[in-house]
Amino acid sequence: MYSRRNTPVALSKISSKTKIDIDKTEEIMERLCNARLAVCSVVETDNGDIKTYTYFNETVVIPLLCTAKEIRDDNYINWAMMFFRNKPLF
């Protein structure tokens, strides 16, 4: 969604692309709306109402998304490191 600038995306499309069931996808998208990262719109069609979401293009989110992807994809995360100094710094 981040790469689609000001283009609403249907909830069903988000669900199919992320391979997350529709109910969970709707819950996640509502969280993004509550955090003001996306906005929900309802489109009325002959087949019924369709929820669409538009993502706000915030450059602050990119590092967070990259970090989240690395956490999700990597099995081993080395967050803490200890260094013992044997010599004075100066």
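The values are calculated or read from the model by the stated rules, or taken from the named source; none is laboratory data. Source: prediction; values computed, not measured. Heads up, the Cβs are rebuilt from the backbone with ideal geometry, glycines too, and the neighbour counts pull from every protein chain shown. Just so you know, the surface numbers come from the protein's heavy atoms only, side chains and all, with ligands and any DNA or RNA stripped out. Shrake-Rupley method; radii C 1.70, N 1.55, O 1.52, S 1.80 Å.
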Any idea which residue in segment 34-57 is surrounded by the most Cβ atoms within 10 Å (Cβ to Cβ), counting only those that are farther than 17 Å from Ser15 by Cβ and touching a residue at least 12 places away in the same chain (Cβ under 8 Å)? Leu37
Going by the structure shown, is Lys19 open to solvent by 100 Å² or more (accessible area, probe 1.4 Å), at pLDDT 90 or above and not β-branched (Val, Ile, Thr)? yes
